[in-house]
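The values are calculated or read from the model by the stated rules, or taken from the named source; none is laboratory data. All figures in this text were calculated on a predicted structure; none of them were measured in a lab. Every residue, glycine among them, receives a Cβ derived from its backbone with ideal geometry; neighbour counts consider all protein chains shown. Ligands, DNA and RNA are stripped out before the accessible areas are found, and what is left, the full protein with its side chains, is counted by its heavy atoms. Shrake-Rupley method; radii C 1.70, N 1.55, O 1.52, S 1.80 Å.
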Amino acid sequence: MLRVEAPIETERLRLRPFQLGDLDGLAEIQSRPEVARYLYWEPRRREEVEKALAQLIAATRIEGKDQSVSLAVEPRAGGGLLGYVSIWLRSLDHRQVEIGFVFHPDAQGRGYASEAARELLVLAFERLRAHRVFGRTDARNASSVALMRRLGMRQEAHFREAEVFKGEWGDELVFAILEDEWGGALVPDVGD
Ligand SMILES: CC(C)(COP(=O)(O)OP(=O)(O)OC[C@H]1O[C@@H](n2cnc3c(N)ncnc32)[C@H](O)[C@@H]1OP(=O)(O)O)[C@@H](O)C(=O)NCCC(=O)NCCS
């Protein structure tokens, strides 16, 4: 249903399947407390990053429910791993797709995450024929909230204390965009 073999190029970025050589770059990202703060895992040691990389390398094809594709994001002009983006098929019958994004702190604040995430919307709507694409985030994760708004996603839900997150009650926000709301790239980049 969805397989990404060839790299996807944007104005500044290349999105491509993960490879073994990404271990150092991924460790740089996943070992950082500020990256893991609102994610479901704790900062990872190298052995844990090796396992995570193996899963990311395997995640190149979506054939059924809850399968995902994760893509490494690097500068088109060359350079190390900036981050990665992921897409999950959550329901085939209802054409529901979830997206997520993780970037190195040094690569944040430059619009790279939103540039890469826009390609996830293209994959979701054009390749997976999604009807609705959604993202979930901890309510305190302001950068993630801003990114989803930048993508043209609407806030649909604020679940108060719906789970114990890292030892305390956490609020979860859900953002979404429907196929007829999408229209390719309705939301201009910052600076336009
Ligand atoms: C969530 C995350 C991916 C957002 O990254 P980000 O870099 O803030 O997101 P964007 O790519 O949309 O960049 C927006 C920022 O770049 C700035 N920017 C600079 N050039 C830009 C451009 N050409 N286009 C858009 N924004 C630009 C914006 O002004 C904005 O800056 P601000 O945060 O100071 O307001 C990042 O914070 C992250 O990886 N966090 C850790 C993991 C995580 O929590 N993931 C989400 C789980 S739900």
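Quick notes on this one:
- Rolling a 1.4 angstrom probe over the protein heavy atoms with all chains in place gives the range 89-161 an accessible area of 47 Å² per residue.
- Given R0 = 30 Å, the distance between the Cβ atoms of Glu9 and Glu168 translates into a calculated FRET efficiency of 0.15.
- Extension gain, Arg76 to Arg160: 0.36 nm times the residue separation minus the Cα-Cα distance gives 26.2 nm.
- Measure of compaction for the range 2-130 (Cα Rg per 2.2 N^0.38 Å): 1.01
- Cβ-based net charge around Trp169, under 14 Å, with every Lys or Arg adding one and every Asp or Glu removing one: -3
- Environment charge of Val35, counting only residues whose C-beta is closer than 12 Å and scoring Lys/Arg +1, Asp/Glu -1: -1
- Inter-part distance where the range 1-49 and the range 83-130 are each reduced to a Cα centre, Å: 13 Å
- Since only Met148, Ser31, Leu92 are under comparison, the one whose Cα sits farthest along the positive direction of the charge dipole of the chain, derived from C-beta charges on Lys, Arg, Asp and Glu, is Leu92.
- Relative contact order of the range 1-159: 21 percent, from C-alpha pairs under 8 Å at least 6 residues apart in sequence.
- Accessible carbon and sulfur surface of the chain relative to its total accessible area, %, 1.4 Å: 48 percent
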